[in-house]
1. Only one of these is of a type in the set (Gly, Ala, Ser), at pLDDT 80 or above and over 25 Å from residue 196 (Cβ atoms): 321, 269. Name it.
2. Being aromatic (Phe, Trp, Tyr), in a helix (DSSP H, G or I) and modelled with pLDDT under 90 is the requirement here; does residue 162 meet it?
3. Please enumerate the residues belonging to the stretch 73-88 that are touching a helix residue (DSSP H, G or I) at 6+ places or on another chain (Cβ under 9 Å), open to solvent by 60 Å² or more (accessible area, probe 1.4 Å) and either assigned to a helix (DSSP H, G or I) or among the polar types (S, T, N, Q) (or both).
4. For the stretch 289-303, which positions are at negative phi, in a loop (DSSP other than H, G, I, E, B) and surrounded by fewer than 17 Cβ atoms within 10 Å (Cβ to Cβ)?
5. Pick from 124, 59, 95, 67: which is closer than 20 Å to residue 279 by Cα, without any contact (Cβ under 8 Å) to a residue 24 or more places away in the chain and open to solvent by less than 70 Å² (accessible area, probe 1.4 Å)?
6. Could you check how many residues of the stretch 195-212 are among the small types (Gly, Ala, Ser) and either under 13 Å from residue 65 (Cα atoms) or open to solvent by less than 20 Å² (accessible area, probe 1.4 Å) (or both)?
7. Using the structure shown, decide if residue 186 is within 25 Å of residue 94 (Cα to Cα), open to solvent by less than 30 Å² (accessible area, probe 1.4 Å) and modelled with pLDDT under 90.
8. Quick check on residue 253: is it hydroxyl-bearing (Ser, Thr, Tyr), under 24 Å from residue 207 (Cβ atoms) and either touching a Phe, Trp or Tyr at 6+ places or on another chain (Cβ under 9 Å) or open to solvent by 20 Å² or more (accessible area, probe 1.4 Å) (or both)?
Amino acid sequence: MSGARRSDGLLPRSAVLGMVDMVSEGIGDRNHLISAIQAAHSATRNRGSNTIDMLIEIGVLLVAADGALTVAPDMKCPADSFVAVRDALLRSYLGLLTDFTTGSLFQIDSRDQTLMVNPVQLPGRDRCYPYALLEFEILCRGASGEPFWSIQKAVVPAFMQFLLAANERPPRRAFPLAALKAMKSAQEQAGRRAEEWTVSFERRRLNGHPFVRMVRSLSDDDAGAGFDIMSFENPQTLLHDRFIEVKSYDDEYSFFWSEGEMETARRLGMSYWLYLVDRRAIGFGDYTPEMIPDPINFFVERDPIGWLVNTQGMKFTRMPGHRSDGRATP
């Protein structure tokens, strides 16, 4: 992972838009891009790195298989790049709010019916979202002494639509068919991005292998294989001998393991690997996922400390403060 912390902050709006323009013009190398932004906007490397991570997170920038940065198709040649980035940021943030108990976060000013938010309750503070929302004119600070921030008029309809949907949600966790399909589609897309990133990661790990381009995903060819990716154990082996099942996660460190996948893991033994991929971290250039060989032995035979196993649904959940080797984290 890069040495940057989200607490180091983000670039201001002008630098963010300059960064998107540079990638559109062909600067795809992360380090080159950060250096160019430093020179053009007197920015720190950490803020440049954090901004790249956020642009990846909200879908403005994409990471290609070779690690190069590209601009998302719907961001190419927009009539107004500010509006395009703002709308991407808004969509991402409303998605973050979906799983957040809004409570008293939103209020209406009785004097002029302005829609307000309580900045203290805003989620995503640790990821610098409030700063980005201010920079891209989604929120506006209140006057001195005012405890609430106002929502800019241009984006009030989007917030109102979100609030209406939040109020219509039933008290129990029930989903209409359309919402269930949309959620499943989003999960599949997130899983596919994690698989594509893992293929790229494996090719970097096996740099110099004569058949490195033969590291490939099976998602479109064989959905019932019991694993996602065919790879090689090391640069010396010339036939596929590492079979990888990718399990990605974001907030909750957990995954589901199907009976078919577990049976394949039993059959392949040490050749079968689980890669546990943090979707929030794949934008970092030096991120390494947790890689578990022979996971049947690890999870079933050894019953490792630090994991909760729901055998009914075969859900595996990491308990805070533990690592896969069973030791507590410092």
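1. Only one candidate qualifies: 269.
2. Yes; evaluated as a whole, the condition is true for this residue.
3. 74
4. Scanning the stretch 289-303 gives a single hit, 302.
5. 95
6. 1
7. No; evaluated as a whole, the condition is false for this residue.
8. no
The values are calculated or read from the model by the stated rules, or taken from the named source; none is laboratory data. All values derive from a computational prediction rather than experimental measurement. Don't worry about glycine lacking a Cβ; one is built from the backbone with ideal geometry, like all the others, and counts go over all protein chains shown. Note: accessible area is taken over every heavy atom of the protein model, side chains too, but ligands, DNA and RNA are not part of it. Shrake-Rupley method; radii C 1.70, N 1.55, O 1.52, S 1.80 Å.
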